[in-house]
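Taking it in order: structure first as structure tokens, then the write-up.
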Amino acid sequence: MAKIPGPPSFDGLKRRMAKHRAENPARKKDHFVRETYCLGLIDARAKAREWFDEYPKAAYWTEVESWRQLDGDRIEFTMRRLPSAD
């Protein structure tokens with residue numbers, strides 16, 4: 001009766017993956033452009049409106065990615081958009 005071979009060695013795959021990672025520096029997980037701001041409430045709203053006016057949501061997928069309220073009525077928020085419209 002023929003002997004069933006064991007699982008293949010992953011050494012070759014590990015070497016190829018390591019080589020690829022060494023040759024290609026770490027890339028972002030996505031292609032969005034992000035900017036984080038820390039502004040007063042009125043200024044934060046104006047900055048977000050500026051982004052939506054300059055980079056329309058329909059073309060750039062612009063959005064407020066995250067935000068939080070800090071002491072003193074300051075808002076820290078991150079705006080996100082695509083680098084160009086298609």
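Miscellaneous remarks
- Using a probe of 1.4 Å, the accessible surface attributed to S9 totals some 90 Å² when neighbouring protein chains are kept in position.
- Here the accessible area of the chain is 55 percent carbon and sulfur, with a 1.4 angstrom probe and all protein chains present.
- Solvent-accessible heavy-atom area per residue, rounded to whole Å², over the chain at 1.4 Å: 87
- I42 accessible area, assembled protein chains, probe 1.4 Å, Å²: 120
- Reported label for calculated percent of Cα pairs over 16 Å apart given [x] 57; [y] 52; [z] 67: [z]
- Potential extension, A22-E35 segment - 0.36 nm per residue separation minus Cα distance: 1.9 nm
The values are calculated or read from the model by the stated rules, or taken from the named source; none is laboratory data. Keep in mind that what you see is a predicted model, and the values were worked out from it rather than measured. Side chains are part of the model used for accessible areas, which takes the heavy atoms of the whole protein and leaves out ligands, DNA and RNA. Shrake-Rupley method; radii C 1.70, N 1.55, O 1.52, S 1.80 Å.
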